[in-house]
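What follows is one structure encoded as structure tokens, with my remarks underneath.
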Amino acid sequence: MPEITPELTPEQQAAALAQQAASPPVVTPPVAPVVAVPDPDTDWEKRYKGSVKMVEQLTIANRDHASQQQLQTSEIERLKADLANKDIERTVAVSERDTNLETALTASAAKDTELAKLRAHKLKVDLAKELGHPELISILDRIPDMEDHEVQKTVMMDFVQFREAGIQEREKALLSGTTPPVSPVISTPATPTTTEGWAAYVEDLPLGSKERTKASDEWFEWTRQQK
């Protein structure tokens, strides 16, 4: 390319510029990078060491994974054992609860039965006093238990009437003989100490006598003191 200098005339300068514009630009070719060619004698050692390191890392990771898996397996087995123990404890607790409940219900039923018997016994004792026949106390176990006061009184009156009917029949049989019975001499016996003794003591006294009424009252009082 011609260099424009001040010595050129204007015509020469214009021609130089036109020539410069018409010529193609100079392109500088790119410089290719320098690629290092690996040395075949040392490249295999680096790759081997890299492979060994990777294997070691994988081995360690696999060992850690196996250890964690073993811990998880142990924890699962422990939880299963705990659950089985809980089931056994729950079964035992439920069984003990049912047994205790059944025992309590049985004891409660027994107490209710005993209380009902005591109430019935007291009712019959009170009615024996009310009816003026304490001798009925000796046969209270044979008299049916009734919860209602009036029903129990009716039952006991039936026993009294049956007993008095038997006494009257015996007295009629004695009075129908040719020889009138000799009135026994009433003596004051020792105070009886058993229910059977009191029954025999009252039975030996004349029916309707003051002595019999007094003995019946004493029998009732003795029975009340025995409780």
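Tell me, which residue of segment 111-144 that is free of Cβ contacts under 8 Å to residues at least 60 places away in the same chain and among the small types (Gly, Ala, Ser) is surrounded by the fewest Cβ atoms within 10 Å (Cβ to Cβ)?
Ala116
Per-residue answers, yes or no, for (1) at pLDDT below 80; (2) assigned to a helix (DSSP H, G or I); (3) touching a helix residue (DSSP H, G or I) at 6+ places or on another chain (Cβ under 8 Å); (4) of a type outside the set (D, E, K, R):
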residue	(1), (2), (3), (4)
Leu123	no, yes, yes, yes
Ala128	no, yes, yes, yes
Leu136	no, yes, yes, yes
Ile139	no, yes, yes, yes
Met146	no, no, yes, yes
Asp158	no, yes, no, no
Glu169	yes, yes, no, no
Lys172	yes, yes, no, no
Ala190	yes, no, no, yes
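Do we have Pro38 as exposed (fewer than 10 other Cβ atoms within 10 Å of the Cβ) and modelled with pLDDT under 75 here?
no
Conditions (1) of a type outside the set (S, T, N, Q); (2) over 36 Å from the mean Cα position of the chain (by Cα), marked per residue:
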{"site": "Thr59", "(1), (2)": "no, yes"}
{"site": "Ser67", "(1), (2)": "no, yes"}
{"site": "Thr73", "(1), (2)": "no, no"}
{"site": "Lys86", "(1), (2)": "yes, no"}
{"site": "Glu96", "(1), (2)": "yes, no"}
{"site": "Thr99", "(1), (2)": "no, no"}
{"site": "Glu102", "(1), (2)": "yes, no"}
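Name the pairs: first residue in segment 54-66 and in contact (Cβ under 8 Å) with a residue 12 or more places away in the chain and surrounded by 10 or more Cβ atoms within 10 Å (Cβ to Cβ), second residue in a helix (DSSP H, G or I) and not basic (Lys, Arg), Cβ to Cβ under 9 Å, at least 6 apart or on different chains?
none
The values are calculated or read from the model by the stated rules, or taken from the named source; none is laboratory data. Quick caveat: nothing in here was measured; it's all calculated off a predicted structure. In this analysis, Cβ positions are derived from the backbone assuming ideal geometry, glycine residues included, and neighbour counts consider all displayed protein chains.
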